[in-house]
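K.L.:
Attaching a single structure in structure tokens format; questions to follow.
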Amino acid sequence: MQPVPVNRPRRLEWLMLAAVLGLVVLGGLFVASATLGSEGLGGTPWYRRGYLRQLVWYALGLGLATLVCVRDYRWLSRWAMVVYWLSILLLVAVLIPGIGSTQGWGARRWITLGPAQFQPSEFAKIAFIFALASYLSRPAPELANPASFLKTLGLCVLPFGLILREPDLGSALVFMPVGLVMIYAAGVPARYLRRVLGGAALVAVLLVVDILWAPVDWQIVKLEPYQKRRLMVYFGKDFVPPGATGAERALALQQYRDAAHNVEQALISVGSGGLTGKGWRQGTQNALGYLPRAVAHNDFIFSVIAEESGFVGSATVLALYAVILFTGIKIASQARDRLGYLLAVGVVALLFCHVFVNIGMNIRLMPVTGIPLPLLSYGGTSVLCSLVAIGLLQNIQLHRQPP
């Protein structure tokens, strides 16, 4: 006689939830540290302070994450393609003058909604993961069809191209590794992946050679000046043109120092923290503005944390991210079906890419790309989407067994 299966009670992944709340607390503290000095000097009213806005985004994000947990992810997946095409429309809309908002360096990445700004590229990452997981959850023999594989690549390339047009190279590049990891996890034939990876590697090498060493008139790819300068700084290539005069050489050297300033100051901040740091709001690089205040609270928040809490604080941040990533992998392995498995894999890959690239650029392991550090960097859309992604993992955990 077969034993009657007993359904275990549904439970949240509490260890992941504790890690998320830990990052939220650290994010609030160090966004405050990175912004209070400049906002206080500028006379910003207390109710418009950056850290208070960040706390509001945390509260809204946790509420959205709770809503995501309520309904079974399989029901949510019915709307996957609708949400995907909505995100594509938003990515197109942000490129239209009068709808998309620009910043000082000319990037058109935001849509202004009253007092707040919405960044469609962050929303597109979640929509993309849902759509790709829904498409790849079909039977394995269908995935071996070349036409199906081309459609899968199309789902990846479309948002990639639109975000690249903004331009937002860092966010655009995230789509490719996340998509490839999900395609591999879905069991698509390896020969397809080898061809794509080989072609992508060849194109990447040719583009770097074209951008950094080809004469200006011969260059095929035209990056924004700030993007080209970031790559040149990362590869250690000076700005001095061939046959430059003394004055031109001096100007080029000054331009290189200006372009490398943020990265160098971030590296100094990380290295000067020592074991336990200089104390909250006591970091000299941050407080005195050597680490530029315009980027300290978003792109380089990890440098602020490292300077003020030292190796202990940095290791704590990495440990909290490790808890989220490894529990996410566990949720993927225990998922009820292929859809849940692929959704979890996509979310884990997305979070890993953001953490690796952002911390990597703070320690000069990666070029500066402007990718936010999940739950720590200042920014409403990033915080909301990161918490929704965490809520999706919890949804898969809650619904891993039939009701």
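The values are calculated or read from the model by the stated rules, or taken from the named source; none is laboratory data. From a predicted model like this one, the values you see are computed outputs, not experimental measurements. Please note: Cβ atoms are built from the backbone with ideal geometry, for glycine as well, and neighbour counts cover all protein chains shown. Side chains included, ligands, DNA and RNA excluded: accessible areas come from the protein's heavy atoms. Shrake-Rupley method; radii C 1.70, N 1.55, O 1.52, S 1.80 Å.
K.L.:
In this structure, is VAL388 closer than 29 Å to ARG336 by Cβ, of a type in the set (Val, Ile, Thr) and surrounded by fewer than 23 Cβ atoms within 10 Å (Cβ to Cβ)?
P.N.:
When the stated conditions are applied, VAL388 passes them.
K.L.:
Here is a further query. Restricting the search to the stretch 147-179, which residues are open to solvent by less than 40 Å² (accessible area, probe 1.4 Å), in a helix (DSSP H, G or I) and either closer than 19 Å to VAL355 by Cα or among the charged types (D, E, K, R) (or both)?
P.N.:
Result: GLY170, SER171, ALA172, VAL174, PHE175, VAL178, GLY179.
K.L.:
Still on this structure, I have one more. Quick check: is even one residue across the stretch 126-138 under 26 Å from ILE329 (Cα atoms), assigned to a helix (DSSP H, G or I) and open to solvent by 50 Å² or more (accessible area, probe 1.4 Å)?
P.N.:
Scanning the stretch 126-138 turns up no residue that is under 26 Å from ILE329 (Cα atoms), assigned to a helix (DSSP H, G or I) and open to solvent by 50 Å² or more (accessible area, probe 1.4 Å).
K.L.:
Considering only the stretch 227-251, how many residues are part of a helix (DSSP H, G or I) and either at pLDDT below 75 or open to solvent by 50 Å² or more (accessible area, probe 1.4 Å) (or both)?
P.N.:
Within the stretch 227-251, residues that are part of a helix (DSSP H, G or I) and either at pLDDT below 75 or open to solvent by 50 Å² or more (accessible area, probe 1.4 Å) (or both) number 11.
K.L.:
Just checking: which of the helices (runs of 4 or more DSSP H) contained wholly in the stretch 269-354 hold 2 or more residues that are closer than 16 Å to LEU23 by Cβ?
P.N.:
In the stretch 269-354, 301-333 are the helices (runs of 4 or more DSSP H) which contain 2 or more residues that are closer than 16 Å to LEU23 by Cβ.
K.L.:
From the residues in the stretch 103-125 that are of a type outside the set (Gly, Ala, Ser) and exposed (fewer than 13 other Cβ atoms within 10 Å of the Cβ), which one is modelled with the lowest pLDDT?
P.N.:
Checking each candidate, the answer is TRP105.
K.L.:
Continuing with this model, one more query. Which one of the conditions (1) closer than 21 Å to ALA332 by Cα; (2) of a type outside the set (Ser, Thr, Tyr); (3) surrounded by 14 or more Cβ atoms within 10 Å (Cβ to Cβ) does MET81 fail to meet, given that it meets all the rest?
P.N.:
In the conditions (1) closer than 21 Å to ALA332 by Cα; (2) of a type outside the set (Ser, Thr, Tyr); (3) surrounded by 14 or more Cβ atoms within 10 Å (Cβ to Cβ), MET81 misses (1) alone.
K.L.:
Any chance the stretch 331-347 includes a residue that's polar (S, T, N, Q) and either crowded, with 22+ Cβ neighbours inside 10 Å or modelled with pLDDT of 95 or more (or both)?
P.N.:
No: zero hits.
K.L.:
Another question, then. Considering only the stretch 30-37, I want to know if a residue exists there that is within 26 Å of THR327 (Cα to Cα), crowded, with 18+ Cβ neighbours inside 10 Å and at pLDDT below 95.
P.N.:
Yes, some residue in the stretch 30-37 is within 26 Å of THR327 (Cα to Cα), crowded, with 18+ Cβ neighbours inside 10 Å and at pLDDT below 95.
K.L.:
Checking ALA144 against (1) in contact (Cβ under 8 Å) with a residue 12 or more places away in the chain; (2) of a type in the set (A, V, I, L, M, F, W, C); (3) under 23 Å from LEU173 (Cβ atoms); (4) surrounded by fewer than 18 Cβ atoms within 10 Å (Cβ to Cβ): exactly one of these is not met. Which one?
P.N.:
Against the list (1) in contact (Cβ under 8 Å) with a residue 12 or more places away in the chain; (2) of a type in the set (A, V, I, L, M, F, W, C); (3) under 23 Å from LEU173 (Cβ atoms); (4) surrounded by fewer than 18 Cβ atoms within 10 Å (Cβ to Cβ), ALA144 comes up short only on (3).
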